[in-house]
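Read-outs: derived from the displayed coordinates by stated rules, not from any lab. Fair warning: this is a prediction, and the values are worked out from it, not measured in the lab. Ideal geometry is used to build each Cβ from the backbone, glycine not excepted, and the neighbour counts take in all protein chains shown.
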Amino acid sequence: MASAVAIGILRVVLHLPESGSLKSKRMVVSSLLSRIRNQFQVAAAEVGERDRWQLAELAICCVSSDASHAGEVLNRVLAFVEARAADAVLADVSTEILRV
């Protein structure tokens, strides 16, 4: 019998009102994604709004054998983003847990 797998997906849209160029946006986003990956051992990438200076759409994914654990990890990632992205405003947040 196969083990259960839970995949947690967190989607965050950030508004970066101080960003004046794609270069400044990329510096903020790449630093944030790197810190998320290193601290939480999750997959994280910019997945949308790549050509807009003041918006960034990020996706963070956690794989676990327990759905509640995946949810806890994503909640901690979201709290981290809220605390560390001082120049950013959370414009949209969604979370989904898939069981396979």
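Where does the charge balance sit around residue 28 when Lys and Arg score +1, Asp and Glu -1, over other residues with C-beta under 12 Å from its C-beta?
+2
Roughly how many debye, to the nearest 20, is the charge dipole of the chain about its Cα centre, given +1 on each Lys and Arg Cβ, -1 on each Asp and Glu Cβ, and no other charges?
About 280 debye.
Counting Lys and Arg as +1 and Asp and Glu as -1, what is the net charge of the other residues whose Cβ lies under 12 Å from the Cβ of residue 64?
Taking every Cβ under 12 Å from that of residue 64, the sum is -1.
For the residue pair residue 15 and residue 92, what label-to-label distance in nm results when each label sits 7 Å from Cα along the Cα-to-beta-carbon direction?
Modelled inter-label distance: 1.3 nm.
Within a Cβ distance under 13 Å of residue 41, other residues only, what is the Lys/Arg minus Asp/Glu net charge?
Overall, the nearby charge balance is +3.
Read phi for every residue in region 6-16 and hand back ³J(HN,Hα) as whole Hz from Karplus 6.51 cos²θ - 1.76 cosθ + 1.60, θ = phi - 60°, with x for Gly and Pro.
10, 10, x, 10, 10, 10, 10, 10, 9, 9, 10
Hey, if you put +1 on the Cβ of every Lys and Arg and -1 on every Asp and Glu Cβ in the chain, which of 64, 95, 42 ends up farthest toward the positive end of that dipole?
42
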